[in-house]
Every structure is written in C-alpha cells, then in structure tokens.
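J.: If you scroll down you'll find the structure; I have some questions about it.
Any read-out appearing in this document is the output of simple, stated calculations on the displayed coordinates, not a laboratory observation. All of these numbers come straight from a predicted model, not from anything done at the bench. Here the Cβ positions follow ideal geometry from the backbone for every residue, glycine too, while neighbour counts run over all protein chains shown.
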Amino acid sequence: MSIDWHTIIANALTQVGIAGLAISAVAWLAKKIGSNRLADDAEKFKIEIQARANQRLSIRAGRIHERQLDILQSLYRHLYEAQGYFERLTTMEGWRMRWAMTNMLA
C-alpha cells in the first residue's frame, strides 16, 4: 500500500483554503458590523452635540433678549423724561419758571 501524497496535499490545501475563506468571510462580516455600529454611534453623538449646542444658543438668545428689553425700557424712560423737560421748556409755564428763577438768583 502506497501513500498517495498528491491526494493528501490536495485535500489539505482544499481544507486550508476553505478554512481561510471562512475566516476571511467572518472577519469581513465583523468589520462591516463594527463599522456600521461605529457610524451609527457617530451619528447619534453628532445629533446629541447639535441638540446641546441648540439648547445653549436658545438660552443665550433668551438672555440677550431679556437684556435688550431692559435696555429698551430704560431708554424709553429717559426719552419720556426728556420729552417732559422739552415740553416744560417750550411752554409759557416753563418760561415763567425760568424767569422766576433768574430773578431769584439776581
């Protein structure tokens, strides 16, 4: 009985090749699953960061709006007072008051 080395080597190479293909297929599949999961996690992270940024901008815009309202309120009060001063200056009563004050000082 002789050993058929050709058949043994061919069978061994076939089995190694099939095992190599199977390992390559499993590795490729794992890589694809991992990259898809990583892409999903990156997208979730991006959405979360964007939501946080929008929230901060919203809070800041609210504060700026409040500050603008405070400034407008103060400006309106000053303009109202100035209008009163100008009205007193341009009416006869205002002229009389100024005339009386200048006569008191003189």
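J.: To test your reading of the geometry: what angle, between 0 and 90 degrees and rounded to tens, separates the Cα axis of helix 5-90 from the longest principal axis of the chain?
T.: Taking the Cα atoms of the chain, the angle to 5-90 is about 0 degrees.
J.: For a label point 7 angstrom out from the Cα of residue 82 toward its Cβ, which stretches of segment 40-76 have the backbone nitrogen within less than 16 Å?
T.: 71-76, by backbone N distance to the label point.
J.: Another question, then. I want to verify a result. In a Gaussian network model of the chain, Cα cutoff 10 Å, which of these has the top mean-square fluctuation: 18, 64, 33?
T.: Most flexible of the set in this elastic network: 18.
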